[in-house]
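Asks: Okay, here's the structure, questions in a sec.
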Amino acid sequence: MANYLSTTERETKEMLESIGVKSLDELFDDIPKDLRLKKLDLPEGKSQQETMEYMRALSKKNKVYDVILRGAGSYDHYIPSMVKNLASRSEFITAYTPYQAEMSQGILQAIFEYQSMVCSLTGMDVSNASVYNGANAAAEAMLMCTEKTRKTFVTFDNIRPDTLKVIKTYAKRRGIEVKVLSPKDGAADLKALKAAVGEDTSCVYLEQPNYFGLIEDAEEVGKIAHDAGAKFVMGCNPISLALLKSPAECGADIAVGDGQPLGLPMAFGGPYVGFMACTSKEMRKMPGRIVGETVDHDGNRAYVLTLQAREQHIRREKAFSNICSNQAYCALVASMYLSAMGPQGLKEVAESCTDYAHYLAAALEKVGLKRRDKGEFFHEFVTVSETGADKILKALDRAGILGGLKLSEHEILWCATETLTKADLDKAVEIIGRVK
Amino acid sequence: MNLIFEISEQGKRCATIRKPDVQKSSLAKKYLRSGNLELPEVSEVDFARHYTALSRRAFGVDNGFYPLGSCTMKYNPKINEEVAGLEGFTRIHPLQPQSTVQGALEVMETLQRDLAEITGMDAVTLQPNAGAHGEYTGLQLIAAYHTARKDFKRTKVIVPDSAHGTNPASAVMAGFEIINVPSDEEKGVDLKALKAVVGEDTAALMLTNPTTLGLFEKNIKEISKIIHGAGGLLYYDGANLNAVMGIVRPGDMGFDVVHLNLHKTFSTPHGGGGPGSGPVGCKKELAAFLPGPIAEKTARGSYRLVECKKSIGKVASFYGNFGVYVRALAYIVTLGAEGIKSCAQHAVLNANYLKANIEDLYPTEKGRHCMHEFVVSMQELKDKTGVSAMDIAKTMIDRGYHPPTMYFPLIIHEALMFEPTETENKRTLDEVIKALREIYEEAFKDPEYMKAAPHHAQIGRPDEVRAARQPIVKYTKE
């Protein structure tokens, strides 16, 4: 019913006359008649009110949990009001990629600030304007590192499953071998890594913290990669970077990750934002948009899309990547989140996450859910228990609590963030204690 | 204006969180970062003013005329933003039990079905995050299809010289070699040249229809015959679907695989460069290769996620840009069958109206109606006055309009590509026509002034060479 046109019937008639045709149909004369469709088999349109009612009804068919103890790549964090409010300005929402620098300084500067913040978090020299999500950032990093004589990508079976799946898709048909090593006690097995890397290794990819929440000995992994002449790529949770050594401190050549924890809702998996940063040595191989500072002809500071000789619209088949649209708006939200939190706020979020996660781990231990792995962890950890995972999770579900993610019949991956309270955790543990 | 780092003062706070009410934990020192985290420290009012100032230096569809060709900058309905922000869509975890996200799965399944109908395809995956990502996915499907038939020789993808840059780049990422084919005099694919390059090594032809020149490829049936006759497949780049949706379907034109841009055709906002969404549809012969999971309706009327049997694998995490699907579905539901068709009709009407009233000065393809966009060549004006397509674009900025796409497609010299979209109103188009005619006259009267445009924008022309030669890509504290 609504169609968002803004032309009246009278205007339409005037316009047709001006063009010199009698009907709208005549404009489509180039389309062979026999190919034309009679009518789309779709329902009739709705009024906006009906659309709102329809979509609201759909949204209510989803269960929103009061307490969320599940992470595994999507995290429930507090999103400050000022982020939601300022990000909703329609100039940000309805703009295109800032091709025309003279009227897009706001978008360009926002991206420049985002890049600067990603560089602060990761310690790297250069960040791009974002890629699709964390998994794609890792896959793009793999392509960046691949060389004629180095085509083997090495990682451990303790990275996010979706990341591994996307990497495997991107490796296909490019002659890239993906070597997935078994972890030891959930973490990178340094001995196995040393044996696995060699002259054909393009890079070693490590997630910090890894999928099981464990903090890896990233510096050692980086050294092993570099000793073999390979690059070192780290995938990071951006909140954890407020506490943990930055990828640069660990010797990484490329740092990637998913920016969802930085002010983006879980939203059933997307849109999120993949961040990607590297050393200046790798800069000209980096995919995606990059905003740079320059001056205009009067010498005023100005921002532009730069180093475009890397990109598909210039290099076509010789481009390093096909990426064009990225997740700029999500990157804006992430940078707003970082500005709103500031260094102290971000550290407090990270500490709150670790405090609640460690409290939960200790409390679960008392009701028979023991940690599976020995190492230190950030805000996720795996438990093993005699009681089946399904039973535990169902009992929690009945109380409006989304428990951890079932990894196997008796293993659960838990997550805690600053959104929780001691009372939430005590309640969850009490329910689990009663499960037989 | 200042960077947010430049208004930062140590000790200022903005957002605050609750103090944890459990015991403090501590991590081993060897894991902890040293040194300060260089993030801005601002107060809430500093924050609000900074981002408001940035937004005032951005230009969106809500600000004015935005005829950026090939990008379909149509109006982004507000209701779509509101529904995508409903708690039942934003505060759900992607790994919740499927029984608790039936609404989300219904959104996905309904959208998949609607897009299949609109494109004339049998199956759809929503997973790709953007148009180029969709191209990559579609080409992997094509590779998987040939491989499954043990037809291993098909290593080449044919791309017209007028194609989007993403086409060849995506095909290379998917492991193919590129063969470029020239355009004929009518700016369509040169059939002779096409016949000369197809063969047993042809995996696919990638085509945009209407083409990037805004013209309908009249020989589409013949092209389809040539490609299919050689055993190849036909790939539809959906960037220009807005011109023909509800009127002709890629599936009926002979295409086997198609990607769409929800952020162009289906009104979801561009957000300054994304997030987009690039769903891929295909004919049933290719459906088993789609990246999963995809949503499915069961016989009992509930919804579930399923994997495809011979999937090429995942191309993005979870299920792609779900929030974009919610907006696109709200749009399709509002428009319905008739509304969708009228979008295409009015997109074409607006483009032809603009074209008809400037083409005596801004020359374009003669004697044909354009589709949703048209490309003018300013070569003659440049020869006469020295004023280039770029100078015209920058002069438009001075008048408060976003310029059209410049210097694309590559086969047209001094190209400007106008796409007004169906949501533009006649009054604005009339103003723009008047402005463009005046600008043309100005090129003769004062070319030097135009070559220095814009004069009234946020900045003058930036030094792009300096930006690339001495890259400054982040803030550094002085």
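The values are calculated or read from the model by the stated rules, or taken from the named source; none is laboratory data. The shown structure was predicted, so the numbers you read here are calculated from the model rather than taken from an experiment. Reconstructed Cβ throughout: ideal geometry from the backbone, glycine too, with neighbour counts over all protein chains shown. These accessible areas exclude ligands, DNA and RNA; they are computed on the full protein's heavy atoms, side chains included. Shrake-Rupley method; radii C 1.70, N 1.55, O 1.52, S 1.80 Å.
Asks: Which number in (1) under 29 Å from the mean Cα position of the chain (by Cα); (2) not assigned by TED's automatic domain parsing to the domain that holds B:LYS355 marks the one condition that B:ALA457 misses?
Replies: (2)
Asks: Could you list all residues from the range A:365-384 that are aliphatic (A, V, I, L, M) and either open to solvent by 60 Å² or more (accessible area, probe 1.4 Å) or touching a Lys or Arg at 6+ places or on another chain (Cβ under 6 Å) (or both)?
Replies: Once the filter is applied, which keeps residues that are aliphatic (A, V, I, L, M) and either open to solvent by 60 Å² or more (accessible area, probe 1.4 Å) or touching a Lys or Arg at 6+ places or on another chain (Cβ under 6 Å) (or both), the range A:365-384 yields A:VAL382, A:VAL384.
Asks: Could you say which residue among A:LEU214, A:LEU206, A:LEU181 is in contact with an Asp or Glu (Cβ under 8 Å, 6 or more places away or on another chain), hydrophobic (A, V, I, L, M, F, W, C) and within 11 Å of chain B (Cβ to nearest Cβ)?
Replies: Result: A:LEU214 is the single residue among A:LEU214, A:LEU206, A:LEU181 that is in contact with an Asp or Glu (Cβ under 8 Å, 6 or more places away or on another chain), hydrophobic (A, V, I, L, M, F, W, C) and within 11 Å of chain B (Cβ to nearest Cβ).
Asks: Only one of B:PHE408, B:PHE418, B:PHE444 is within 18 Å of B:GLY60 (Cα to Cα) and either more than 14 Å from every other protein chain (Cβ to nearest Cβ) or at pLDDT below 95 (or both). Can you tell me which?
Replies: Just one listed residue meets the conditions, B:PHE418.
Asks: Scan the range B:2-34 for residues that are among the aromatic types (Phe, Trp, Tyr) and over 30 Å from B:GLN458 (Cα atoms) and report the count.
Replies: Quick first cut of the range B:2-34, residues among the aromatic types (Phe, Trp, Tyr) only: B:5, B:31.
Next, only the ones that are over 30 Å from B:GLN458 (Cα atoms) stay: B:31.
The total comes to 1.
Asks: Across the range B:394-446, what is the total count of residues that are in a helix (DSSP H, G or I), out of contact with any Pro (no Cβ under 9 Å at 6 or more places or on another chain) and either without any contact (Cβ under 8 Å) to a residue 24 or more places away in the chain or not small (Gly, Ala, Ser) (or both)?
Replies: Applying the first criterion (in a helix (DSSP H, G or I)) to the range B:394-446 yields B:394-398, B:426-445.
Pick out the ones that are also out of contact with any Pro (no Cβ under 9 Å at 6 or more places or on another chain) and you get B:426-427, B:430-431, B:433-445.
From the residues that got through so far, the ones that are either without any contact (Cβ under 8 Å) to a residue 24 or more places away in the chain or not small (Gly, Ala, Ser) (or both) too are B:426-427, B:430-431, B:433-434, B:436-442, B:444-445.
The total comes to 15.
Asks: Which of the residues spanning the range A:382-411 are part of a strand (DSSP E or B) and not aliphatic (A, V, I, L, M)?
Replies: Result: A:THR383, A:LYS406, A:SER408, A:GLU411.
Asks: How many residues are among the hydrophobic types (A, V, I, L, M, F, W, C), in a helix (DSSP H, G or I) and facing chain A (nearest Cβ under 7 Å) when one looks only at the range B:456-474?
Replies: Here the count works out to 2.
Asks: Within the range B:126-181, can you find the residues that are open to solvent by 10 Å² or more (accessible area, probe 1.4 Å) and among the acidic types (Asp, Glu)?
Replies: If the condition is that a residue be open to solvent by 10 Å² or more (accessible area, probe 1.4 Å) and among the acidic types (Asp, Glu), then B:ASP151, B:ASP161, B:GLU177 are the ones that fit.
Asks: Of all the residues that make up the range B:331-360, how many are touching a strand residue (DSSP E or B) at 6+ places or on another chain (Cβ under 9 Å) and either closer than 24 Å to B:TYR407 by Cβ or not hydrophobic (A, V, I, L, M, F, W, C) (or both)?
Replies: 9
Asks: Tell me, please, whether a residue that is open to solvent by less than 60 Å² (accessible area, probe 1.4 Å), away from every other protein chain (no Cβ under 11 Å) and in contact with a helix residue (DSSP H, G or I) (Cβ under 9 Å, 6 or more places away or on another chain) can be found in the range A:412-421.
Replies: yes
Asks: Sticking with this one: Residues that are over 28 Å from A:ARG70 (Cα atoms), in the same structural domain as A:GLU380 (by TED's automatic domain parsing) and touching a residue at least 24 places away in the same chain (Cβ under 8 Å), at least 3 per element: which strands (runs of 3 or more DSSP E) completely within the range A:148-263 meet that?
Replies: Here the list is empty.
Asks: Separate question: Of all residues in the range B:294-350 being farther than 20 Å from B:GLU106 by Cβ and among the hydroxyl-bearing types (Ser, Thr, Tyr), which is surrounded by the most Cβ atoms within 10 Å (Cβ to Cβ)?
Replies: Within the range B:294-350, the match that is surrounded by the most Cβ atoms within 10 Å (Cβ to Cβ) is B:SER317.
Asks: Scanning the range B:184-203 for residues that are touching a residue at least 24 places away in the same chain (Cβ under 8 Å) and among the small types (Gly, Ala, Ser), which turns out surrounded by the fewest Cβ atoms within 10 Å (Cβ to Cβ)?
Replies: B:GLY199
Asks: Residues in the range B:388-398: is at least one more than 10 Å from chain A (Cβ to nearest Cβ) and surrounded by fewer than 17 Cβ atoms within 10 Å (Cβ to Cβ)?
Replies: No.
Asks: Also: List pairs: first in the range B:65-88 and free of Cβ contacts under 8 Å to residues at least 40 places away in the same chain and more than 7 Å from chain A (Cβ to nearest Cβ), second outside any loop (DSSP other than H, G, I, E, B) and open to solvent by 10 Å² or more (accessible area, probe 1.4 Å), Cβ under 8 Å, 6+ apart or cross-chain?
Replies: B:GLU82/A:MET52
Asks: Residue by residue through the range A:105-124, note down the ones that are at the interface with chain B (Cβ under 8 Å from one of its Cβ atoms) and in contact with a strand residue (DSSP E or B) (Cβ under 7 Å, 6 or more places away or on another chain).
Replies: A:GLN105, A:ILE107, A:GLN109, A:ILE111, A:PHE112, A:GLN115, A:CYS119
Asks: Turning to a different aspect of this structure: For the range A:63-85, what are the residues that are in contact (Cβ under 8 Å) with a residue 12 or more places away in the chain and facing chain B (nearest Cβ under 7 Å)?
Replies: A:ILE68, A:ARG70, A:ALA72, A:GLY73, A:SER74, A:TYR78, A:PRO80, A:MET82 - these are the residues of the range A:63-85 that are in contact (Cβ under 8 Å) with a residue 12 or more places away in the chain and facing chain B (nearest Cβ under 7 Å).
Asks: So is B:GLY188 touching a Lys or Arg at 6+ places or on another chain (Cβ under 7 Å) and closer than 27 Å to A:GLY288 by Cβ or not?
Replies: Taking the combined requirement at face value, the residue does not satisfy it.
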